[in-house]
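Working notes, beginning with the structure itself.
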Amino acid sequence: MQDNHMSIGDTLGLGFMTFAFFLGAGNLIFPPFAGMLAGDNMPFAMLGFLITAVGLPLVGLIAVAKAQGKVMAMLPVFAATTLAIAIYIIIGPAFAAPRTGLVAYEIGAKPFIDNTTATFLLGNLELNLSQLLYTLCFFAVTMLLALFPGKLLDSVGKVLTPILLILLVGLAASVIFLPASEVGQAMGDYQKHPLTKGILEGYNTMDTLASLMFGMLIIDILRKKGISEPSAQTRYLIRAAFIAAAGLAFVYVSLFFLGATAGDIAIGAKNGGEILTNYVTREFGDLGSILLSTVVTLACLTTAVGLVSACSEFFNELMPKLSYRFLVIFLSIICAVIANVGLSQLIAISIPVLMTIYPVAIALVVVTFLTAYFANPQFAHRAVLSVALLFGIFDGLKVAASSLTGADGQAVNGMAQGFIHIVDSMSPVLSMLPLYEEGMAWLLPTAATIALCLVFGRGRGQVAAA
């Protein structure tokens, strides 16, 4: 490899590594469940899911490349730092990284463990023994791989990912040629709003947030590989982004189809992981279970390595006194601890947070592409992101209130009742907002703010261009 030039093999390795970083826990468990619920409305739901789970991460990576990693440069230092810390915590030790270990345990290990109910008390906490031991081992391996970031392209992009791709292609082929049943009927929100429901379901992958992290991580890896010219870094990052997007789309389409044609094997399933496990076990028996276990474990491990590495790099730059290696070890331990909260609890807690922060991330990506067209880019960035955050908070509060309501329609406790009352008191006004009921109240106000910033700056922008 010459200076500022990568061979085709290295470029493919970079693309495969990027794909592997994105393909983690949520990418395997959410599409089958969404496909099952979408039923005959699967095309619209799938389109919505692909928009937020493939399209936005793709343009997110390109935005990072375009801005040379400085996507928050137009924001006040405090606001930019706060937003960055929030994204890194959400996508790292708080939700996404621990979830990789949990999904790897649920699908990749649990079917092969004889006793998965054994527990022990640690103070007032009751912990699952097998889950604890597995997650400790999982994040120990993650820690070892993340301690040597310069070797990520070789270890992940050239070794783990090709194996993962071969296994996924085999699974996809079986789904297409051996469907479990005919496509079922749409259920729940997928009956009336399959497109918007699919868009919101794509939030759960957290990949748009991850793209802002992985883009900077990939630029750093390119620098270490001798790619120092900004134009060359942008070129190779964009190529890697398209390779990753193609791989993700292939996986999502096949898993959506699996869920939509699940039939009887989906009865009683609480998440897409159970649907996936039931399908593979029925069609391929023990060999299929081993295959699925390998796919899930590799996918979750590569994503965990990327998340821990990116978070460690970020906090090392923010607090240089904390070394990269110390942060890798510290964050790996935190992930192992949080993973033992449980998968369903993590997902339930993360949804309101994602409903709040995702609009801001999407708006950030959009204004990054439009920066040159704003007469006052700094004001435009700040105004658009502020509006996205404000209305994203409304969407997040609505989902949080819904999650605090029990099966009997009553609040789970007195404090929850007070919170629900506050949200309900705002609902008559908020329900007047377009798309509020669908959970996307932020979209039109944010789009209107972008349009106003563009219109009022058009004259000055054209003069500057001339």
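Within straight-line reach of K110, meaning a Cα separation under 22 Å, sit the following lysines at least 8 residues removed in sequence or on another chain: K270. Straight-distance candidates among the lysines for linking to K321, with alpha-carbon spacing under 28 Å and chain neighbours fewer than 8 residues away dropped: K70, K151, K224, K225. Overall shape: oblate for segment 107-245, with the ratio a/c of the largest to smallest alpha carbon gyration tensor axis at 1.5 or above and b/c at least equal to a/b. Take the chain with all the other protein chains still there, run a 1.4 Å probe, and you get 43 Å² of accessible area per residue.
Projecting the Cα positions of L129, L37, A246 onto the charge dipole of the chain (unit charges on Cβ atoms of Lys, Arg, Asp and Glu, taken about the Cα centre) puts A246 furthest along the positive direction. Residues S427, S309, S386, sorted by accessible area with the largest first, give S386, S427, S309 [1.4 Å probe; ligands and nucleic acids excluded]. When only alpha carbons are used to place a centre, segment 283-305 and segment 73-112 end up 21 Å from one another. By accessible area, using a 1.4 Å probe on protein heavy atoms only, segment 15-90 has 82% of its surface on carbon and sulfur. Figure note: M432, M36 ranked by solvent-accessible area, largest first, 1.4 Å probe, ligands and nucleic acids not counted: M432, M36. Its Cα centre serving as origin, the chain has a Cβ charge dipole (Lys and Arg +1, Asp and Glu -1) of approximately 1400 debye.
Taking each DSSP H run with n ≥ 4 as -39500 (n - 2.57) and averaging over every residue of the chain yields -23500 deg cm²/dmol at 222 nm. Peptides 262-271, 121-130, 195-204, 218-227 ranked from most to least packed give 195-204, 218-227, 262-271, 121-130, packing being the mean of other C-beta atoms within 10 angstrom over each peptide's residues. With each label modelled as a point 7 angstrom along the Cα→C-beta vector, the N124-I349 pair spans 1.6 nm. Ranking A380, L435, F391 by Cα position along the charge dipole of the chain, where only Lys, Arg, Asp and Glu carry charges on their C-beta atoms, puts A380 farthest toward the positive end. Taking a span of 27 Å or more along the helix axis (Cα atoms) and a mean Kyte-Doolittle hydropathy of at least -1.0 as the rule, the DSSP H helices of the chain that qualify are 230-260, 272-318, 343-370, 377-403, 443-465. Extension gain, F78-D264: 0.36 nm per intervening residue step, less the Cα-Cα distance, totals 61.7 nm. Between L136 and M415, residue separation times 0.36 nm minus the direct Cα-Cα distance comes to 97.0 nm.
Shown here: Cα extents along the principal axes in Å, derived from the displayed model; of the candidates (i) 70, 62, 51; (ii) 64, 57, 39; (iii) 61, 58, 44, it corresponds to (i).
Summary value for the chain: 29 percent relative contact order, contacts being C-alpha pairs under 8 angstrom separated by 6+ residues. Note on the chain: dipole from Cβ charges, positive end direction compared against L454, L83, M355; the farthest Cα belongs to L454. Taking trypsin sites (Lys or Arg not before Pro) across segment 48-143, the ones in a DSSP loop with at most 12 further Cβ atoms lying within 10 angstrom of their Cβ are K70.
Oblate is the label for segment 30-125, because the ratio a/c of its alpha-carbon gyration tensor axes (a ≥ b ≥ c) is 1.5 or higher and a/b is not greater than b/c.
What is segment 286-445 by shape, rounded, prolate or oblate, if you read a ≥ b ≥ c off the alpha carbon gyration tensor as root eigenvalues and call it rounded for a/c under 1.5, prolate for a/b larger than b/c, and oblate otherwise? Oblate is the answer for segment 286-445, as a/c is 1.5 or above yet b/c matches or exceeds a/b.
The values are calculated or read from the model by the stated rules, or taken from the named source; none is laboratory data. A quick note: this is a predicted structure, and the numbers were derived from the prediction, not measured. Cβ sites come from the backbone with ideal geometry, for glycine too, and all protein chains shown count toward neighbours. To get the accessible areas, we keep the full protein, side chains included, count just its heavy atoms, and leave off ligands, DNA and RNA. Shrake-Rupley method; radii C 1.70, N 1.55, O 1.52, S 1.80 Å.
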